[in-house]
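I have placed the structure first, in the form of structure tokens, so that the comments after it can refer back to it.
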């Protein structure tokens, strides 16, 4: 039976097939789902009609004749031959069933006409026309909302800040659809709600810039994985399971559509590496197309600039970086496509590129709109000839079969295995560059020739070729020259510390950047040098066989040993390093793009920095702070986070007007966070401010209980995105762990101890906060990091710090306090609709980097202007809650609960002189004995005094305090403080009086 399903959509056909069969068979009772009626074929009353959802058919139990569905029934009763005129039967069934079906071609034409009208003179139309495409060319049969529709995949519109598309703008939106026609979706990190996969081509790239300041033409939603773009022609072939002899992978959606239009069957990828990943392997859609369409060949096509060097070559650049990345992409392509055999397919793998031509065409779409305009068929003819040629060289494209060739042979396409040949083809670009690197070796051009740059002069190489007694050539290794060569190339041994008698590691200093290297990496460097500079098989064989012996780990100890004196921290200046240079920060300026010199690679932030002011100014007038923000501040999510976590006055859903005092307190908390972050990010340690930072909750809870979820750990993570950080899980931290700091080096700038437990012994860190830091690494010698080089310490906790009121503890702590704005019921995602860090785009990262630089600047400014006091830069927060939390932990939770009952204002104990022994006995009775709560007869007085301070009560008002001042005199000048009188002893007994001025006033109002 020949059935043409293409006139009507699958959705329309399905609607007709789902019509109730009973309405087309005479004699059916429409109330009965199943019934036996008279058979129209044999006349017996055994014709079973089944109208249940998954059946909808009829069959005679006697003669075996029947109807497979409503279309067959209509055809029989209407006299239509189902074998020859199925479409007529379909249309008649729809007519009788009262539903309207529309031919696909008419629906498609109507959709195209509507799209053309909506997109007339739009940027989207201009882009398509420039590639020789029309809206009709890019219209696809898709499924949205359960309906089969015809829609162009390129549409006029815009995306908002959440990357949600709408029709109002004039950018070009590119909608991605699956092989079954349904919208592709993705789920960003931190969100469970899937979103439609849409890319945007910006009409004005200059106002959409990445973090390095470059205009962005195309943008993919943050957090979305790479996906392939599937043109409608490919989707149709997939549905029909039609054979595709050769499938091309093109970089870009328009290229894929344009190529498909002219018979070069292609899918679009978002970059030369984006056909698979380590996590996903080869993208599933590519596998599905290959399997359904039994492809024979798959080709990765690059533009005509495939062999160009990167644009702005600076002195010292690795000029083979771009060719290396392209060759690695082809090697990866071969590896991923080789996995087709795992699904039972034998596919030949090819790589090709557009050839340069007089027309200047770059990509396949340019070629078809340029040199081959009106001669487009020549492209397929050229591809056919080229893929059957012996050298893979064609007129318009070169295409090489790489199924079975080695990775080294692939690198040969870019001449990466022959440094001199590589230089010759790029000579015009390199002649005027002072020095540059090829294959990790530094070169310069002298008299038109390539010369290796060395910091020593030597006429000999690291090997010589001599002759044996029999006159045969042999290779001799020159140890002395080899180590001179390595030293000149920046290889050294680094002593673990100045004090260590033994122990070292290998490093390389190159272009001012310091890397730790393993012994095998030193050998690899020599191997690369030999492979790039020597073509003698004898020499190559010698080093291939003997390098691991002649340069064994023990031999490498001949490298000179140097001390780690790379840290040169300066008062009032902070140097932060990014991919595009050094950022210098002082109290008055942030200056980017300075050169990098002798810096550990771990200190280089793997982003590009572009100056964008966030905070215009912070000033202190009297006791109050004032902050002025720039317009860009509204877009900085981390600043919003700091502002929200400083708000102790209302939650996100209960806003209210604040008093002036409340507003100034809020700003005070923000300045505390800004300057404290600056302190943590500043390498230099002022002698007057050698402290650790402790972040606590503003909300006070019972001792041992915690709230959490306030965002304290976010600050630690933020610091780790700027400086080299060592993380310690506070919950798992052991007091006696001798290897606690294993992994901390002079390059480490921050130790983040997250979520320490109740009664954390901060005093154990005293020595490393204010003195040198001793590190006992596993399997290595113990070493010391001097105070000026040691990292700063950040601690987060849901509890008070032990002995926080003691001077030794106080002078070593800078506090930060976090509000309950964020909590388990209201998270970052609720405010920002994505997670911090993982889901940020380049613009958000750049705003963050600028804010963190400004934190350092305002820390310096605070230090210079003594915002708090002389010698201090980190502004402390309003301390009331921190002090109260400390007092509550100091007294112990059990004593607090007992005292609340014992000194209840409605009772008689408050303001009464009571024997100490009676109080102790009462408490022990309440607590179930003298053990298990940390309260003893000896420390009982101190804990009662802490209770008085916590409640705002006074203690022993009939006795003078430690300054010999009496209550009535002292209280007049300290109305908001607790008076603590000296011992009250009489008749061999000691007495306590816990005194409430409020209760006294209640008893004696006049």
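Do we find a residue being within 18 Å of residue 23 (Cβ to Cβ), over 60 Å from the mean Cα position of the chain (by Cα), without any contact (Cβ under 8 Å) to a residue 12 or more places away in the chain and surrounded by 13 or more Cβ atoms within 10 Å (Cβ to Cβ) anywhere in the range 49-67?
No.
Could you run through the range 912-928 and say how many residues are within 22 Å of residue 988 (Cα to Cα) and part of a loop (DSSP other than H, G, I, E, B)?
1
I need the full set of residues from the range 287-318 which are closer than 30 Å to residue 342 by Cβ and part of a loop (DSSP other than H, G, I, E, B), in order please.
The initial filter retains those residues of the range 287-318 that are closer than 30 Å to residue 342 by Cβ, namely 287-302, 306.
293, 294, 295, 296, 306, listed by residue number.
I'd like the full set of residues that are loosely packed, with under 15 Cβ neighbours inside 10 Å, assigned to a loop (DSSP other than H, G, I, E, B) and touching a residue at least 60 places away in the same chain (Cβ under 8 Å), limited to the range 801-832.
Matches in the range 801-832: 811, 824, 827.
Show the residue pairs meeting these rules: Cβ distance below 8 Å; 6+ apart or different chains; first residue within the range 196-225 and over 22 Å from residue 833 (Cα atoms); second residue assigned to a loop (DSSP other than H, G, I, E, B) and at pLDDT below 80.
Going by the 8 Å Cβ cut-off, the qualifying pairs are 202/208; 215/208; 216/208; 216/210.
Could you run through the range 136-166 and say how many residues are in contact with a helix residue (DSSP H, G or I) (Cβ under 7 Å, 6 or more places away or on another chain) and either farther than 24 Å from residue 185 by Cβ or without any contact (Cβ under 8 Å) to a residue 12 or more places away in the chain (or both)?
The number of residues fulfilling the criteria is 2.
Given the condition more than 60 Å from the chain's Cα centre (by Cα), without any contact (Cβ under 8 Å) to a residue 12 or more places away in the chain, under 24 Å from residue 12 (Cβ atoms) and exposed (fewer than 13 other Cβ atoms within 10 Å of the Cβ), answer yes or no: does some residue in the range 68-79 qualify?
yes
Wholly within the range 1-111, which helices (runs of 4 or more DSSP H) include no fewer than the required count, namely at least 3 residues that are in contact with a strand residue (DSSP E or B) (Cβ under 9 Å, 6 or more places away or on another chain) and modelled with pLDDT of 90 or more? Steps first, answer last, please.
Values: elements: 10-17, 70-78, 86-97.
Correct list: 70-78.
If you check residue 931 against the conditions, is it more than 30 Å from residue 815 (Cβ to Cβ), at pLDDT below 90 and in the same structural domain as residue 987 (by TED's automatic domain parsing)? Before you say what the answer is, go through the steps one by one.
Working: more than 30 Å from residue 815 (Cβ to Cβ): yes; at pLDDT below 90: yes; in the same structural domain as residue 987 (by TED's automatic domain parsing): yes.
The answer is yes for residue 931.
Could you say which residue among 459, 408 is at pLDDT below 85 and out of contact with any strand residue (DSSP E or B) (no Cβ under 9 Å at 6 or more places or on another chain)?
From the options 459, 408, the qualifying one is 459.
Tell me which residues, restricted to the range 891-928, are touching a helix residue (DSSP H, G or I) at 6+ places or on another chain (Cβ under 6 Å) and modelled with pLDDT under 90.
Scanning the range 891-928 gives a single hit, 891.
Specify the residue that is surrounded by the most Cβ atoms within 10 Å (Cβ to Cβ); the eligible residues are those in the range 559-578 that are touching a strand residue (DSSP E or B) at 6+ places or on another chain (Cβ under 7 Å) and in a loop (DSSP other than H, G, I, E, B).
Here the residue is 564.
Can you pull out the residues in the range 655-699 that are in contact with a helix residue (DSSP H, G or I) (Cβ under 8 Å, 6 or more places away or on another chain), without any contact (Cβ under 8 Å) to a residue 60 or more places away in the chain and not in a helix (DSSP H, G or I)?
658
Name the one entry in 313, 298 that is under 26 Å from residue 176 (Cα atoms) and in contact with a strand residue (DSSP E or B) (Cβ under 9 Å, 6 or more places away or on another chain). First the steps, then the outcome.
Numbers: 313 fails: under 26 Å from residue 176 (Cα atoms).
Step by step, each of 313, 298 is checked, and only 298 is under 26 Å from residue 176 (Cα atoms) and in contact with a strand residue (DSSP E or B) (Cβ under 9 Å, 6 or more places away or on another chain).
Yes/no matrix, rows are residues, columns are (1) surrounded by 17 or more Cβ atoms within 10 Å (Cβ to Cβ); (2) part of a loop (DSSP other than H, G, I, E, B); (3) in the same structural domain as residue 503 (by TED's automatic domain parsing):
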| position | (1), (2), (3) |
| --- | --- |
| 717 | no, no, no |
| 736 | no, yes, no |
| 740 | yes, yes, no |
| 748 | yes, yes, no |
| 799 | yes, yes, no |
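If we keep just the residues of the range 591-622 that are in contact (Cβ under 8 Å) with a residue 40 or more places away in the chain and under 24 Å from residue 669 (Cβ atoms), which is surrounded by the most Cβ atoms within 10 Å (Cβ to Cβ)? Can you show your working first?
First, the residues of the range 591-622 that are in contact (Cβ under 8 Å) with a residue 40 or more places away in the chain: 595-605, 607-615, 618, 620.
This time we only want the ones that are under 24 Å from residue 669 (Cβ atoms), so: 613-615, 618, 620.
Values: 613: 15, 614: 23, 615: 21, 618: 21, 620: 17.
By that ranking, first place goes to 614.
Of the residues 485, 506, which single one is touching a helix residue (DSSP H, G or I) at 6+ places or on another chain (Cβ under 7 Å) and at pLDDT 85 or above?
Being touching a helix residue (DSSP H, G or I) at 6+ places or on another chain (Cβ under 7 Å) and at pLDDT 85 or above holds for just one of 485, 506, which is 506.
Among the residues of the range 749-759, is there at least one that is at pLDDT 85 or above, touching a helix residue (DSSP H, G or I) at 6+ places or on another chain (Cβ under 6 Å) and over 18 Å from residue 690 (Cα atoms)?
Yes: one or more hits.
Please go through the range 129-175 and give me each residue that is over 35 Å from the mean Cα position of the chain (by Cα), crowded, with 19+ Cβ neighbours inside 10 Å and not in a strand (DSSP E or B), ordered by number.
Passing the criteria: 132, 133, 135, 137.
Taking the range 579-616 on its own, how many of its residues are part of a strand (DSSP E or B), under 15 Å from residue 855 (Cα atoms) and in contact with a helix residue (DSSP H, G or I) (Cβ under 9 Å, 6 or more places away or on another chain)?
5
Would you check which residues across the range 19-40 are farther than 17 Å from residue 75 by Cβ and surrounded by fewer than 16 Cβ atoms within 10 Å (Cβ to Cβ) and list them?
Answer for the range 19-40, where residues must be farther than 17 Å from residue 75 by Cβ and surrounded by fewer than 16 Cβ atoms within 10 Å (Cβ to Cβ): 27, 29, 30, 31, 32, 33, 34, 36, 38.
In the range 181-200, which residue that is modelled with pLDDT of 90 or more and touching a helix residue (DSSP H, G or I) at 6+ places or on another chain (Cβ under 8 Å) is surrounded by the fewest Cβ atoms within 10 Å (Cβ to Cβ)?
By that ranking, first place goes to 181.
Has the range 511-520 got any residue that is in a helix (DSSP H, G or I), surrounded by 15 or more Cβ atoms within 10 Å (Cβ to Cβ), on the phi < 0 side of the Ramachandran plot and not assigned by TED's automatic domain parsing to the domain that holds residue 781? Spell out how you get there, then give the answer.
Narrowing the range 511-520 to residues in a helix (DSSP H, G or I): 519-520.
Next cut, surrounded by 15 or more Cβ atoms within 10 Å (Cβ to Cβ) only: 519.
When the remaining residues are screened for being on the phi < 0 side of the Ramachandran plot, the result is 519.
Checking which are not assigned by TED's automatic domain parsing to the domain that holds residue 781 leaves us with 519.
Within the range 511-520, one or more residues are in a helix (DSSP H, G or I), surrounded by 15 or more Cβ atoms within 10 Å (Cβ to Cβ), on the phi < 0 side of the Ramachandran plot and not assigned by TED's automatic domain parsing to the domain that holds residue 781.
Does at least one position in the range 467-484 carry a residue that is touching a residue at least 24 places away in the same chain (Cβ under 8 Å) and part of a loop (DSSP other than H, G, I, E, B)?
no
The values are calculated or read from the model by the stated rules, or taken from the named source; none is laboratory data. Here the structure is a predicted model, which is why all the values come from computation and not from measurement. Cβ sites come from the backbone with ideal geometry, for glycine too, and all protein chains shown count toward neighbours.
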